[in-house]
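The values are calculated or read from the model by the stated rules, or taken from the named source; none is laboratory data. Treat the numbers as computed from the prediction; the structure is a model and nothing was measured. Neighbour counts run over all protein chains shown; Cβ positions are idealised from the backbone, glycine included. All accessible areas refer to the heavy atoms of the entire protein, side chains included, with ligands and DNA or RNA removed. Shrake-Rupley method; radii C 1.70, N 1.55, O 1.52, S 1.80 Å.
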Amino acid sequence: MSMQITRLGWAGVEIEAGDETALVDVAQDWTIMERYVGPPRTPMPAPAPGAARLALVTHLHDDHCDPGALAAALRPDGLVLRPAPAEGEGRLVAGTAVAEHRLREHGLATRVVSAWETVEAGAWRATAVPAVDGFGDPQVSWVLEGDGVRVLHAGDTLFHGAWWEIRERTGPIDVAFLPINGPIVSLPHRQPPSGVPAAMTPQQAAAAAAILQARLAVPIHYDAVHHPPVYAQVDDPVTAFAAAARQRGVPFAVVDPGTSVALPATPAAV
């Protein structure tokens, strides 16, 4: 079992297995996000240029889908796997319209994948699994297999009831990348605001990892954005996640942006 994973900041990861590279939720261009939440507060390292065979997108919000960055990172034969487009007009598609336009503008080879559909590309086997977006836009999570390692990436999903089925259908999860910042969000196209978290809280992420029986949980989707009242994460999400993971006996590792971890990795003590 051999794999090298690099956190690219926020939700982005770069995964290398042998001579193959895959990406998930790469975001480099923060221009639109800055209008609402300011610049990222933590580093956002770029993936290696022209190296990736496969790019996975959990959903088409600008902080998870950056077509320009994908165009720079993919090989000429690279493929982008993505969920279905949002339906409707105006505010119904406001959260995904820019990414949709830029995917077409960059001429990227894309494929829409539905939950439980599996796509093979080179050494990779990617399966879309259920996820729930906090604003009603289409979203999937991904289970990516390569070189004997199975990775789950949960984007910025809410907690949901499919964790057990994901474990049963895809098999044991070696590494689960899970959002932990539990943000309270107020955006112009989704008013009035709900006042409830728009992604998993630290405690919910630990619960998901326990249900998945993940051999290692890695927190993502925290600290880069905190701009109350538009976007307010929970206090100290990493410490809260670590406490919840220890309470549940979940092995975990905190991986800083730009830092790589080789698998199998040594988890934090639980």
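Per-residue extension of 0.36 nm, minus the Cα-Cα distance of Asp19 and Gln213, leaves a gain of 67.0 nm for this segment. Shape call for region 28-130 from the C-alpha gyration tensor, a ≥ b ≥ c root eigenvalues: rounded (a/c under 1.5), prolate (a/b greater than b/c) or oblate? Verdict is oblate for region 28-130.
A simple spin-label model places pseudo-atoms 7 Å from Cα toward Cβ; at Glu89 and Trp116 they are separated by 3.5 nm. What shape does the chain have by the C-alpha gyration tensor, where a ≥ b ≥ c are the square roots of the eigenvalues, rounded means a/c under 1.5, and otherwise prolate means a/b greater than b/c and oblate the rest? Rounded.
Put the Cα centre of region 1-22 next to the Cα centre of region 25-74 and the gap is 15 Å. The figure for Tyr231 is an accessible area of roughly 30 square angstrom, using a 1.4 Å probe on the protein chains alone.
I need the GluC sites (Glu not before Pro) found in region 1-96, filtered to DSSP loop residues with at most 11 other beta carbons within 10 Å of theirs.
Those satisfying the criteria are Glu87, Glu89.
Averaged over its residues, the chain has an accessible area of 40 Å² per residue, based on protein heavy atoms and a 1.4 Å probe.
Modelled spin labels at Asp77 and His101, positioned 7 Å past Cα toward Cβ, are 3.4 nm from each other.
One chain, two ends: Ala109 and Arg125. Fully extended at 0.36 nm per residue, the span grows by 4.0 nm beyond their Cα-Cα distance.
Using the Karplus relation 6.51 cos²θ - 1.76 cosθ + 1.60 with θ = phi - 60°, the per-residue 3J(HN,Hα) values for region 246-259 come to 4, 4, 8, x, 8, x, 8, 9, 8, 10, 6, x, x, 9 Hz, with x marking Gly and Pro. With each label modelled as a point 7 angstrom along the Cα→C-beta vector, the Gln4-Ser194 pair spans 3.9 nm.
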